[in-house]
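Read the structure below first, then the notes.
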Amino acid sequence: MKEGSSGYRAITRYMIVSPFKIRPVADLVRRKPYTEAMSILENMPHKGAALIRKVVHSAASNALVSDKQLVEDMLYVKEIRIDEGPRMKRVWFRGRGRADMLLKRMCHITVIVDQAALSSPAAAPKKASASAGQKPKGRKTATRKTAPRKTAEKKAGK
C-alpha cells in the first residue's frame, strides 16, 4: 500500500474495456457503504459494473480475512481509481486499399475499502464555520454607488 493510504486494497490490471466507459459507473459507488455499493453494481446493466463489482468484492474479502473482527456492514468504499492501461493496436482494413488503426483500450481498476467507523468521511470533524456576527474571510468586495436606473414610467413620460 502507499504511504498514508489506509484500508484494504484490490487491484485488477489489463481489463480490456475503455476507462472512459467505466469511470461513470465507479463514480456512482465511490464513498458508499459496501453493501449499498454492491447492490448498486449488481443491478446495473453495464459491463463495467460487473467488473467493478468483482474488484470491490475482492477488496472486502481481503479486509475480512485480514481483520477477523470486521463485518461487511462496517466497510465502505474509500477509493476507486480507474487508470488507463496500454492500448492494443489493430489494423482495420477499409475500402480502396486504405487502413485505419483500431485502438483497444485497457484499464487498471484499484479499489480501497476501509472501516466506516474509523475513517468515514461523514465521521470526519467538520470545520468551524464563521459565526453569525463575523463576515466570512475571503475576497473583499467594494460596494459601488450607481445611478438609479430609468424605469418604464420615466421613459414613457419623455
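The values are calculated or read from the model by the stated rules, or taken from the named source; none is laboratory data. As the structure is a computational prediction, the values presented were derived from the model and not from experiment. Here Cβ is always computed from backbone atoms with ideal geometry, including for glycine, and neighbour counts include all displayed protein chains.
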Task: Count of region 4-50 residues which are more than 16 Å from the chain's Cα centre (by Cα) and free of Cβ contacts under 8 Å to residues at least 24 places away in the same chain - done: 7
Task: Residue pairs meeting the criteria (Cβ under 6 Å; at least 6 apart or on separate chains; first charged (D, E, K, R), in region 51-75; second buried (at least 19 other Cβ atoms within 10 Å of the Cβ) and part of a helix (DSSP H, G or I)) - done: 53/41; 72/34
TODO: Answer yes or no as to whether residue 74 is buried (at least 16 other Cβ atoms within 10 Å of the Cβ), farther than 12 Å from residue 114 by Cα and among the aliphatic types (A, V, I, L, M).
DONE: no
Open item on the list: Filter region 1-50 down to the residues that are within 20 Å of residue 70 (Cα to Cα) and acidic (Asp, Glu) and list them by number.
Closed with: 36
- [ ] Taking residue 55 as meeting all but one of (1) outside any helix (DSSP H, G or I); (2) touching a Ser or Thr at 6+ places or on another chain (Cβ under 7 Å), write down the number of the exception.
- [x] (1)
TODO: For residues that are assigned to a helix (DSSP H, G or I) and more than 12 Å from residue 17 (Cα to Cα), tally how many sit in region 40-49.
DONE: 3
Open item on the list: Residue under question is residue 17, and the condition is that it be assigned to a loop (DSSP other than H, G, I, E, B) and at pLDDT 95 or above; does it hold?
Closed with: yes
